[in-house]
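Heads up, the thing below is written out as C-alpha cells.
The values are calculated or read from the model by the stated rules, or taken from the named source; none is laboratory data. Nothing here was measured: the structure is a model prediction, and the numbers come from that model. Virtual Cβ from ideal backbone geometry, glycine too; neighbours counted across all protein chains shown. Heads up: the accessible areas ignore ligands, DNA and RNA and are worked out on the full protein's heavy atoms, side chains in. Shrake-Rupley method; radii C 1.70, N 1.55, O 1.52, S 1.80 Å.
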Amino acid sequence: MYSATKDIILPTTITGSLPRPSWYTENLGTRHFLDAMVTRRFREQYEDALTCYLRDQELAGLDIVTDGDCRFDDDVGGQSWTSYPPMHMAGFDRDNPRPTPAGRGGIWFPRGHILHDYLESRVMPRVVGPIGRGDLQYTAMWKAAQRFTEKPVKWGAVSAEIVTFAVQDLHYKSVPERMFAIADAFNEEYHELADAGCPVIQIEEPQIHLLAVRNIQDAVINPKLMVDVFNRTVKGLRAKTEVWAHSCWGNPSQQRMFAQVQSYKPALEAYNTVDADVITFESSSSGGIDLEAIGKTITEKKISIGVIDHHTLQVEQPEQVAAQIRAALKHIPAERLMVSTDCGMGREGMSRRHAFYKTVSLVLGTNIVRKELGVPEARVLAADERYSLVVPPAK
C-alpha cells in the first residue's frame, strides 16, 4: 500500500542510521525501551538526539525521515543493528551471550583487518527456548520519533535471517526452523507497529543477493528460502502500510564487505518475488552498473536507488546526484523511482556534519531533476542563502 510515497515524484529519504552525537553517552543495553525512558538522563539524551536527527533531515528537505537508529548503542561496527532483537526477544539467554562462531553467515576477516574487530564484537545471546517478540517495543520507539515531526517516519530493522546466522541455537533442530520462528515473532511486532499508524516499514534483506555472490547455496540455504523468510516476516503488512526491502551490501564501520564492486543481477528475479512495495538498491558506490537490469526486471514495484555513497567522507555535489537520477530515469519511470542513500550513514565512521551535507546534496540534486521534469521541488532550508553568515560575493 503506497501511503508515504503516494503522489510524490522522486520522493527522498535516507536508509536509516545517522552518526551518533558525541554527547549521547547513554546506552539502552538490555533494558526495554519503556523502562529506560523512566530514567531521566536516558530520556533526556535520547529525545535530544532524536530531535537532532529529525530536525537535520527536515532542514535538508527529505520527504520521509527516520529516527537515525537512535535506539541503538555506542558499539563497534554498529553491532546493535543485529544484537538488539536477540537482546530483547523471548527465547534467548541474554544473561550469557557468546561470540558468534567464525565464518557464520559467510563473513570472515583476518586479524589485522578493521572488520576483524566487528567479528569480535558479535557477542550474542543463545537461543534456549521458543522465540517470541518479547520486549522489542518497536511501536513505542516509532511513536517517540513520530510525535516530534509531521513528516512520515520510516521504521527500519534487521531481517530474521541476519539474526539467525548470528546466534547459536540450543533449541531448534534446523536453521530454517529458527528463521521462521524469528520471522513470525517479527511479523507480530510489525503488525502492532502498522496498526499504530507507522507509514513505512523497511526491512534489511541482504541474503538474497549475498548468497549468490558468496556462492553459499545448497538444498537448504538458498535464495528461495530467504524470499520465503522475508515474505513470512511481512505477511499481511502491505494491506496496512508501505513495506520496503533494503538490499544491503553491508556497512560495518563504513567499510565495504567486498574488495570489488558486486552486481545484483543474479538476484533480481528473486527480488521480483519479494512481498514488498519498494526495493532499495545501492547504486552510487557501484557507479550504477545495474540500473538497466533493475529497470528491466523489477517492473511492478517502486525502486529506490542510492545516490549517496556512505563509505566516503567526500560530499557528493548536487549535480552528481542529479546525473545519477537521470541515468536511472533512462530505465525506471519517474513515478516508480525513489531517491535515497546507498546504506545507513553509520554511528561510528562518519561525522554528523558529513552526513548532514550529504543529505542536503541528495535533496538539492533531486530538486534539479524535479525542475527538469516540471514537478514540485522540496524546500531546503539548509541551502537558503538568506541565512548565510558570510557576505556573498558581489554579482
Legend entry - Cross-chain or 6+ apart pairs with Cβ under 6 Å, the range 321-346 first and open to solvent by 40 Å² or more (accessible area, probe 1.4 Å), then assigned to a helix (DSSP H, G or I): 331/291; 331/292; 331/295
Legend entry - Residue that is nearest to residue 384 (Cα to Cα) [pool: residues in the range 37-78 that are of a type in the set (Asp, Glu) and part of a loop (DSSP other than H, G, I, E, B)]: 63
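For the range 261-278, check the following and say yes or no: at least one residue is under 17 Å from residue 17 (Cα atoms) and modelled with pLDDT under 95. First the steps, then the outcome.
First pass over the range 261-278, keeping only residues under 17 Å from residue 17 (Cα atoms): none.
No, the conditions are met nowhere in the range 261-278.
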Inset, instruction - Return only the number of the condition from (1) of a type outside the set (Ser, Thr, Tyr); (2) under 25 Å from residue 2 (Cα atoms); (3) at pLDDT below 95; (4) touching an Asp or Glu at 6+ places or on another chain (Cβ under 6 Å) that residue 300 does not satisfy. - result: (4)
Legend entry - Selection count, the range 361-377, where residues are touching an Asp or Glu at 6+ places or on another chain (Cβ under 9 Å) and open to solvent by less than 20 Å² (accessible area, probe 1.4 Å): 7
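Restricting attention to the range 121-131, report how many residues are open to solvent by less than 20 Å² (accessible area, probe 1.4 Å) and either in a strand (DSSP E or B) or touching a residue at least 60 places away in the same chain (Cβ under 8 Å) (or both).
4
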Inset, instruction - For the range 106-120, indicate whether the set of residues that are open to solvent by 10 Å² or more (accessible area, probe 1.4 Å) and part of a strand (DSSP E or B) is non-empty. - result: no
Legend entry - Check on residue 224, closer than 29 Å to residue 290 by Cα, open to solvent by 10 Å² or more (accessible area, probe 1.4 Å) and modelled with pLDDT under 95: yes
Legend entry - Any hit, the range 236-249, residues being of a type in the set (Lys, Arg) and either at pLDDT 95 or above or open to solvent by less than 10 Å² (accessible area, probe 1.4 Å) (or both): yes
Legend entry - Selection within the range 43-59 - among the hydroxyl-bearing types (Ser, Thr, Tyr) and open to solvent by 40 Å² or more (accessible area, probe 1.4 Å): 51
Legend entry - Unique residue being touching a helix residue (DSSP H, G or I) at 6+ places or on another chain (Cβ under 7 Å) and under 21 Å from residue 305 (Cβ atoms) when the list is 203, 216: 203
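Looking only at the range 1-20, count how many residues are out of contact with any helix residue (DSSP H, G or I) (no Cβ under 8 Å at 6 or more places or on another chain) and crowded, with 21+ Cβ neighbours inside 10 Å.
Residues in the range 1-20 being out of contact with any helix residue (DSSP H, G or I) (no Cβ under 8 Å at 6 or more places or on another chain) and crowded, with 21+ Cβ neighbours inside 10 Å: 6 in total.
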Inset, instruction - Looking only at the range 342-375, count how many residues are touching a helix residue (DSSP H, G or I) at 6+ places or on another chain (Cβ under 7 Å), within 22 Å of residue 154 (Cα to Cα) and at pLDDT 95 or above. - result: 9
Legend entry - Residue list for the range 21-36, filter: open to solvent by less than 20 Å² (accessible area, probe 1.4 Å) and either out of contact with any helix residue (DSSP H, G or I) (no Cβ under 6 Å at 6 or more places or on another chain) or outside any loop (DSSP other than H, G, I, E, B) (or both): 33, 36
